[in-house]
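Comments concern the structure below.
Quick note: the coordinates plus some simple rules give every number you see, no bench work behind them. What you see is a predicted model; the values in this text were computed from it and never measured. Reconstructed Cβ throughout: ideal geometry from the backbone, glycine too, with neighbour counts over all protein chains shown.
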Amino acid sequence: MLRTVVVVLVLGMLSGLSSASFKDCYTKCFVFCMIEPTQTLCSCTTHCFKDCIFSDTPQDVHEDMDNLGFCKLGCAFSMCSTISTKQKPNGEKVDNCVGSCSTKCTKSYSSP
């Protein structure tokens with residue numbers, strides 16, 4: 001019985017990791033990045049935008065999907081990079097801002 005409970009808990013944790021939202025990814029990444037004494041606010045924001053925007057991209061990336069990711073990344077840098085502070089990542093506000101970048105990327109990027 002105990003083994004079953006442990007297996008269910010582990011599988012639940014793993015499935016949660018694979019479907020993490022941008023907000024969860026960014027907040028976790030930002031907090032861990034800021035813990036490192038050599039990291040700056042700007043380098044953590046840059047690192048986490050890159051990692052979390054492209055984390056949903058499949059391995060067999062289609063060129064248009066790759067372009068959408070770069071468009072969203074550029075938009076996020078220019079529009080959303082000042083929302084986080086060292087004390088507060090503001091994951092919800094950053095998520096909303098980055099989400100609005102999808103509408104700013106005017107070309108329709110769709111999977112084949």
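Annotations
- Peptide ranges 43-49, 30-36, 94-100 listed from the most packed, as the mean C-beta count within 10 angstrom indicates: 43-49, 94-100, 30-36
- Count Lys and Arg as plus one, Asp and Glu as minus one, and take only other residues whose Cβ is under 14 Å from that of L41; the net charge is then +1.
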